[in-house]
1. Quick check on segment 242-261: of everything there that is over 16 Å from the mean Cα position of the chain (by Cα) and surrounded by fewer than 21 Cβ atoms within 10 Å (Cβ to Cβ), which residue is nearest to ALA296 (Cα to Cα)?
2. Considering only residues that are away from the ligand (no atom under 14 Å from the Cβ), within 20 Å of ARG340 (Cβ to Cβ) and not in a strand (DSSP E or B), which ones fall in segment 38-65?
3. Collect the residues in segment 218-235 that are within 15 Å of the ligand (Cβ to nearest atom) and either within 10 Å of the chain's Cα centre (by Cα) or not in a helix (DSSP H, G or I) (or both), keeping them in residue-number order.
4. Does segment 80-94 hold any residues that are within 13 Å of the ligand (Cβ to nearest atom) and either β-branched (Val, Ile, Thr) or over 21 Å from THR141 (Cα atoms) (or both), and which are they?
5. Within segment 375-407, count every residue that is aliphatic (A, V, I, L, M) and not in a strand (DSSP E or B).
6. Do you know which residues across segment 405-443 are hydrophobic (A, V, I, L, M, F, W, C), more than 11 Å from THR381 (Cβ to Cβ) and loosely packed, with under 15 Cβ neighbours inside 10 Å?
7. Pick out the one residue from ARG274, ARG297, ARG313, ARG285 that is modelled with pLDDT under 90 and surrounded by 22 or more Cβ atoms within 10 Å (Cβ to Cβ).
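The values are calculated or read from the model by the stated rules, or taken from the named source; none is laboratory data. All values derive from a computational prediction rather than experimental measurement. Positions of Cβ are generated from backbone atoms using ideal geometry, with glycine treated the same way; all protein chains shown enter the neighbour counts. In case anyone asks, the SASA skips ligands and DNA or RNA and just uses the protein heavy atoms, side chains included. Shrake-Rupley method; radii C 1.70, N 1.55, O 1.52, S 1.80 Å.
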Amino acid sequence: MFLVRFCGAESRKLIALFLIALGLKWLPLRAQEATLRIFFPDVGHGHAALVISPTGRTLLLDGGPDGAGSAVLVPLMRDLALSRLDVMIATHYDADHIGGLDEVATAFPPAVAYDSGDLTAPRESRLFTEYVSAISPVRRTLRAGDEIDLGGGVRATCLVANGDLLSGGRVGIFGRSDPFDQLENSASIGLLIQYGDFDLFISGDLTGGGGATTDVESTVAQLVGDVDVLQLSHHGSATSSNATFLSRLKAEVGIVQAATANTFGHPSVEVVDRFITTTPTSGTRPTPPDGDFPPARPPILFQTQASPPSDTRVSHQGFVAEGTIVIETDGRQYTVRGGRLQPRTFPTDGAERGVRTDFPPTILTRTSPVIPQAGEAVLLTAQIADDSGQIRSTRLTVSVNEEEPMSLPLARFSKTLFVGEIPGQPDGTLVRYCLTAEDDAGHATTSCGLYFAGITPIHAVRAVDAWGAPRYEGAPVRIIGQVTVGSGAFNRMQTEVFVEDETGGIRVFELRSQDRPVNIGDRVLITGRVKSFHGLLELDITNPLPVPP
Ligand SMILES: [Zn+2]
């Protein structure tokens, strides 16, 4: 692992000698000096986070859109009387993230500027060219596993970049031909910022499988673990913050940086619903608020600007700052304030105590076929990786139709490749599988998946829990039925149809790539994934099956 140290042993030794020469043992630490501050400035539609450690070391993560550097970030840094910028990081190269970085670099030349290198560099982009020329003498590539020591006990750890994971594993994000796969977002750097018991995760526009994107989040989540604060990826877009990711992070506080004027549907109502009804670290799953107002207890969302008022796709359940959101923490509790917000103090959630430097394994599973025919066995391959390189034990369990799980053998084919076989099942059988891996330090990760075998009655797919969320969210399934609402009935884009069998009906989305219309009365076979969309349960056929590794 590569270590960036600002407060090296040598300089500490020199300071100590100097103080001893003065007859002092050590300078007393004042209370406010032990505070880590993170600013989420109102940069309009874009990302930016300014981190100031207790020792005054500074890190700027993204710079908002073009102009936000001069208009927002530089004035903020001057207001804070900052004398320098120690570290600049670009999570990825979208305009709303790098646009203002050159302006900041001109006023506050960073000592070092990190990004993910040139694999996804948009060489034609003016903003990218301006960004690179502003920081080129100090430009470095940040890689998964790199640590940035900000001093005073604050550590930023790069968990993912370009789909490469700190564990040594990899989510394959390159080589897809789908024009909607959002490669540059999938390549985003994900940074875990830790101080005492306080944990914050920021990952630019990292993708979670929504739309046609690659699901990087679910695997990264295994490294992130339980956090206190999460900056919701991609401004709360429906492409990110999937259920697996949110339920592993269990964030008490979420931050969204999006503009009232945005036309992208940020923050998405389904993402915010998912966020505020995720079971927090301690306690029970919150009841969804009965209406369109912010909930009273965690998980709580804060946003820099109000959501677009007349966009039916967005949520209005966040607390709005209409200004810069600031988080201050001593590593035991943290306060969220700024703009119009009433300051609120939260205790750290008690999980993931202290600053972690040793991470659990990552597990990335694939099943083939994704939806087996009745009686057909499924080959399960798993990429299991760990930062120590040592996997002590693995365990594969399978449960059929929610019955007691049974253990199945898992064979090791290489250092990171493991293979198991799940026996064939009759039509409509729900299969859940879980894989657990433990490293030599005893850190364990469990990764689970599910599918329906053969052909499944629609009513079985439709099961929901008390929150109205699909019981089998994300499950791949095959149905056969008759079209009751044909393509083009709802909109000219011909994106959706309704299909019915003897047991029930379901919305199927989206058919844009379908070259011929689907008409009422057609008998169709459909494969897709179960998904909740604006409170409507549907079969999502957007993402091709199987999902690429
Ligand atoms: Zn963005």
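1. The residue in question is THR260.
2. Scanning segment 38-65 gives PRO41, ASP42.
3. Of segment 218-235, the ones within 15 Å of the ligand (Cβ to nearest atom) are 231-235.
If the condition is that a residue be within 15 Å of the ligand (Cβ to nearest atom) and either within 10 Å of the chain's Cα centre (by Cα) or not in a helix (DSSP H, G or I) (or both), then GLN231, LEU232, SER233, HIS234 are the ones that fit.
4. First pass over segment 80-94, keeping only residues within 13 Å of the ligand (Cβ to nearest atom): 90-94.
Answer for segment 80-94, where residues must be within 13 Å of the ligand (Cβ to nearest atom) and either β-branched (Val, Ile, Thr) or over 21 Å from THR141 (Cα atoms) (or both): just THR91.
5. Step one: list which residues in segment 375-407 are aliphatic (A, V, I, L, M), which gives 377-380, 382, 384-385, 391, 396, 398, 400, 406.
Of the ones still in play, those that are also not in a strand (DSSP E or B) are 377.
Residues meeting the conditions: 1.
6. In the first step, residues of segment 405-443 are kept if they are hydrophobic (A, V, I, L, M, F, W, C); the result is 406, 408, 410-411, 413, 417-419, 422, 430-431, 434-435, 437, 441.
So of that shortlist, the ones also more than 11 Å from THR381 (Cβ to Cβ) come out as 406, 408, 422, 430-431, 434, 437, 441.
Result: MET406, ALA441.
7. Values: ARG297 fails: surrounded by 22 or more Cβ atoms within 10 Å (Cβ to Cβ); ARG313 fails: surrounded by 22 or more Cβ atoms within 10 Å (Cβ to Cβ); ARG285 fails: surrounded by 22 or more Cβ atoms within 10 Å (Cβ to Cβ).
Being modelled with pLDDT under 90 and surrounded by 22 or more Cβ atoms within 10 Å (Cβ to Cβ) holds for just one of ARG274, ARG297, ARG313, ARG285, which is ARG274.
This table checks each residue for (1) surrounded by fewer than 24 Cβ atoms within 10 Å (Cβ to Cβ); (2) without any contact (Cβ under 8 Å) to a residue 60 or more places away in the chain; (3) not hydrophobic (A, V, I, L, M, F, W, C).
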| site | (1), (2), (3) |
| --- | --- |
| LEU183 | yes, no, no |
| ILE193 | no, no, no |
| ASP197 | yes, no, yes |
| GLU217 | no, yes, yes |
| GLY225 | yes, no, yes |
| ASP228 | no, no, yes |
